[in-house]
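J.: Here it is, the structure, as structure tokens.
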Amino acid sequence: MEARKKIWEQVVWTWKPETEREAGDSIVRNILLHWFPARVALRSLSYSYSFWLGTISAVLFLILSITGVILMFMYVPSVDQAYQSVKDIEYAVSFGWFLRGLHRIAAHLMVAVVFFHMVRVFLTAAYRNGTAANQNRPLNWIIGIVLLLITLLLSFTGYLLPWDQLAYWAITVGTNIARAAPLVGESIRYLFLGGNEIGQSTLLRFYVLHCFFLPTLVLLLFSWHMWRVRKDGGLACVDQLALKQKRENVTPIKTKTYSLLGLARGRTAQVETSLINEDEHTVASSPNLTRRLLLVMLATLFISSALTFIARAPLEEPANASVTPNPAKAPWYFLWLQELVTDTTFKIGEVTINGALVGGILVPGVLIILLTVWPYLDRTSVNAVGGWFAKERRRQNAVFLFIVLTILALTIVGTFLRGTYWDFYWPWQSWPEMPKKF
Ligand code: HEM
């Protein structure tokens, strides 16, 4: 039995440090692992608190960076060659279809996962400070909002690169929404496109933003995001535990078992207040955190790869400014906005009230501003920070969920139920064949 267990352990490579010191050293001596604390609260490793959505977002970004750099060796950012180079990747390069498909699936998944990570953070009030000193979770929430916007922009700029009909018209529709912004709309669109129409300057702008500028920003902001999580004393669910132990008058242990880098002596004020009984409620990061991290990484890679096989990346005809598809749709994550624009466009007699300003600018603008300032307006007490479905947050969680579900519903309508001339069609109804518009 013992021998069989040993063989199994050798097969699955189970790392079992003999001492606390060995476990701690394996974290602080490793360049990749040293940004984790030597010990973590058992609670924060739970799958059902965070669903590991932030980590999954980071893994998707890693997959995107690796596949993206390989694609860069083959892609040519020129209107004359872009389409052909993507066609070559898809049909001529060995496993090129897989590389392109994985990059595309990971990009779509990242938009969705980052969004749901934000939803999780809101519902658990993890943007609020607990009782520990030096916390600034509202700031980390704002860094998160910027990360979400950059993720959308990253995906949007990548959309144009294949230079096919799908790409060209999705970007046309997407950038037309910006036009409705009062005073600055036209200038922003001009700056973004590098002219009045989508052309070579647009492709080059999107290429540089997509391959260099935005990924670098994500990397910098992500590092700041993670550093803040550590400065805030770990995930917010740990604060719940500290509060409970304080209420129960649990006696704090006198010494810290393993100090950071071996330099810090004693307990900082932050550690003192944020976590009380370390021995009972924390585990060594290596192998407990590292093993879960590896599992989440492998699962993310496996699911993204499986989806790549199931949903092959589309490549339509080359971009053609004079052939307008009907309907022309923005990328799926902006379809709720396109749908809103339609729903807020009214005809009163001969006058048409265009919904682009309300649906395309005002609603998303107000939502972004509200999200940014919410941690400072919210009066949730420390009792509800880091827990799911707190009673005192019932009303605001319900309003937030209502907005999230509306966005999801509008996205589904825009994606699946809108046909020619943006008319509504049930899935079982077929659209009339439209002659191509020249
Ligand atoms: C590229 C996008 C993002 C990445 C890679 C990322 C990554 C992470 C990771 C790895 C964590 C640790 C816990 C977890 O896995 O849930 C985390 C926590 C956190 N994230 Fe993000 N995040 C991103 C976007 C966002 C967004 C959009 C928001 C909110 C607007 C946000 C707000 C937070 C907050 C407040 C925490 C602390 C949560 C807690 O204490 O429970 N992040 N993030």
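J.: Can you tell me which residue among L161, L183 is of a type in the set (A, V, I, L, M) and either within 9 Å of the ligand (Cβ to nearest atom) or in contact (Cβ under 8 Å) with a residue 40 or more places away in the chain (or both)?
T.: Checking each option against the conditions leaves just L161.
J.: Could you run through region 120-136 and say how many residues are part of a helix (DSSP H, G or I) and within 14 Å of S48 (Cα to Cα)? It would help to see each step written out before you state the result.
T.: Within region 120-136, the first condition is being part of a helix (DSSP H, G or I), and the residues that meet it are 120-123.
Then drop every residue that is not within 14 Å of S48 (Cα to Cα), which leaves 120-121, 123.
Looking only at that region, the number is 3.
J.: Among the residues that make up region 61-75, is at least one of them within 14 Å of the ligand (Cβ to nearest atom), under 19 Å from D232 (Cβ atoms) and under 26 Å from the mean Cα position of the chain (by Cα)?
T.: Looking through region 61-75, none of the residues is within 14 Å of the ligand (Cβ to nearest atom), under 19 Å from D232 (Cβ atoms) and under 26 Å from the mean Cα position of the chain (by Cα).
J.: I'm checking my understanding of the structure. Among residues of region 31-64 that are assigned to a helix (DSSP H, G or I) and among the β-branched types (V, I, T), which one is farthest from R228 (Cα to Cα)?
T.: In this case the residue turns out to be I63.
J.: Further question on the same structure: Which of the residues that make up region 216-249 are β-branched (V, I, T) and either crowded, with 16+ Cβ neighbours inside 10 Å or under 19 Å from R137 (Cβ atoms) (or both)?
T.: Selection gives V218, V229, V238.
J.: Please go through region 44-60 and give me each residue that is more than 7 Å from the ligand (Cβ to nearest atom) and more than 9 Å from the chain's Cα centre (by Cα), ordered by number. Write out each step before concluding.
T.: Of all residues in region 44-60, those more than 7 Å from the ligand (Cβ to nearest atom) come to 44-49, 51, 56, 59-60.
Within region 44-60, S44, L45, S46, Y47, S48, Y49, F51, V59 qualify.
J.: Condition first: in a helix (DSSP H, G or I) and in contact (Cβ under 8 Å) with a residue 24 or more places away in the chain. Now tell me which residues in region 1-30 satisfy that. Walk me through how you get there before you give the answer.
T.: We begin by selecting, within region 1-30, every residue in a helix (DSSP H, G or I); these are 2-12, 20-28.
Within region 1-30, E20, R21, A23, G24, S26, I27, V28 qualify.
J.: Sticking with this structure for a sec: Every residue in region 123-139 that is among the polar types (S, T, N, Q), more than 9 Å from the ligand (Cβ to nearest atom) and farther than 14 Å from M226 by Cα, please.
T.: N129, T131, N134
J.: For region 140-150, state whether one or more residues are under 29 Å from Y207 (Cα atoms), part of a helix (DSSP H, G or I), away from the ligand (no atom under 15 Å from the Cβ) and in contact with a Ser or Thr (Cβ under 8 Å, 6 or more places away or on another chain).
T.: no
J.: Scan region 60-87 and report the pairs whose first residue is without any contact (Cβ under 8 Å) to a residue 60 or more places away in the chain and whose second residue is β-branched (V, I, T), with Cβ atoms within less than 6 Å and a gap of 6+ or a chain change.
T.: M74/I89; S85/V76
J.: Taking interchain pairs and intrachain pairs at least six residues apart, which have beta carbon atoms under 6 angstrom, with the first residue in region 303-324 and within 19 Å of Y91 (Cα to Cα) and the second hydrophobic (A, V, I, L, M, F, W, C) and in a loop (DSSP other than H, G, I, E, B)?
T.: Correct list of pairs: A319/W163.
J.: Could you check, for region 309-322, whether at least one of its residues is in a helix (DSSP H, G or I) and either under 30 Å from W163 (Cα atoms) or not aliphatic (A, V, I, L, M) (or both)?
T.: Yes, region 309-322 contains at least one residue that is in a helix (DSSP H, G or I) and either under 30 Å from W163 (Cα atoms) or not aliphatic (A, V, I, L, M) (or both).
J.: Moving on to the next point. Under 8 Å between Cβ atoms, at least 6 apart or on separate chains: pull out the pairs that start in region 385-403 with a residue that is within 23 Å of L337 (Cβ to Cβ) and touching a residue at least 12 places away in the same chain (Cβ under 8 Å) and end on any residue that is β-branched (V, I, T) and within 16 Å of the ligand (Cβ to nearest atom).
T.: From region 385-403, the pairs are F400/V119.
J.: Continuing with this model, one more query. Consider I171 against the criteria (1) within 16 Å of the ligand (Cβ to nearest atom); (2) touching a residue at least 24 places away in the same chain (Cβ under 8 Å): it satisfies all of them except one. Which criterion is unmet?
T.: It is condition (1) that I171 fails.
Read-outs: derived from the displayed coordinates by stated rules, not from any lab. For clarity, every value in this text was computed on a predicted model and none was experimentally measured. Ideal geometry is used to build each Cβ from the backbone, glycine not excepted, and the neighbour counts take in all protein chains shown.
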